[in-house]
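This report refers to the structure that appears directly beneath it.
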Amino acid sequence: MTTIAFELSGELTIYAAQDIRQRLLEQLEHLAAEGPDCLEIDVSGITEADTAGVQLLLAARNHAEACGAGLRLVAPSQALTEVLSLLGLDGHFDVRLPGGHPASLG
């Protein structure tokens with residue numbers, strides 16, 4: 001399985017949404033052009049998250065799936081885990097521990 005890996009850190013909020021959206025779009029363009037199986041995002045450094053940030057991740061996941069690929073969140077921080085749980089979206093992402101082992105957000 002080929003992957004494109006990159007990292008998101010800091011705020012995953014409405015205040016950072018435009019910058020994050022642009023970074024995600026660049027990675028999704030690589031995904032579409034290069035044809036790897038998965039976009040892997042290290043989210044261990046997320047310090048704060050809100051619904052706008054989660055919407056970006058959902059949109060990225062949907063775009064990846066439309067390209068025939070997957071989107072994987074690696075080592076989600078407590079801040080991101082709490083927001084995903086609060087929104088009832090903890091089962092909507094492929095979540096992995098560092099090293100690739102499956103993880104649960106619950």
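Every number in this text was worked out from the coordinates using simple rules, so none of it is lab data. Here the structure is a predicted model, which is why all the values come from computation and not from measurement. Backbone-built Cβ (ideal geometry, glycine too); neighbour counts: all protein chains shown.
At a glance:
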read-out	value
Under-5 Å amide H pairs with Glu7, H placed in peptide plane, nonlocal only	Asp42
The chain: relative contact order as a whole-number percent, Cα under 8 Å and 6+ apart	27
Mean Cα-pair separation over length for segment 1-53, i.e. relative contact order, pairs under 8 Å, 6 or more apart, %	63
Assigned charges on the beta-carbon of Lys, Arg, Asp, Glu; segment 3-96 dipole about Cα centre (debye)	120
Sorted largest first, extent of the chain alpha carbons per principal axis (Å)	33, 31, 21
Sites Ala52 and Ala5 - FRET efficiency at Förster radius 25 Å, r taken between beta-carbons, to 0.05	0.60
Other-chain or far-sequence residues with amide H under 5 Å of Thr47's (modelled H)	Gly10, Glu11, Leu12
In sequence order, calculated HN-Hα J values of segment 26-34 (Karplus, 6.51, -1.76, 1.60; Hz; x Gly/Pro)	4, 5, 5, 5, 4, 4, 5, 6, 8
Vicinal HN-Hα couplings computed from phi for segment 73-80 (Karplus, 6.51 cos²θ - 1.76 cosθ + 1.60; Hz; Gly/Pro x)	9, 10, 6, x, 5, 4, 4, 5
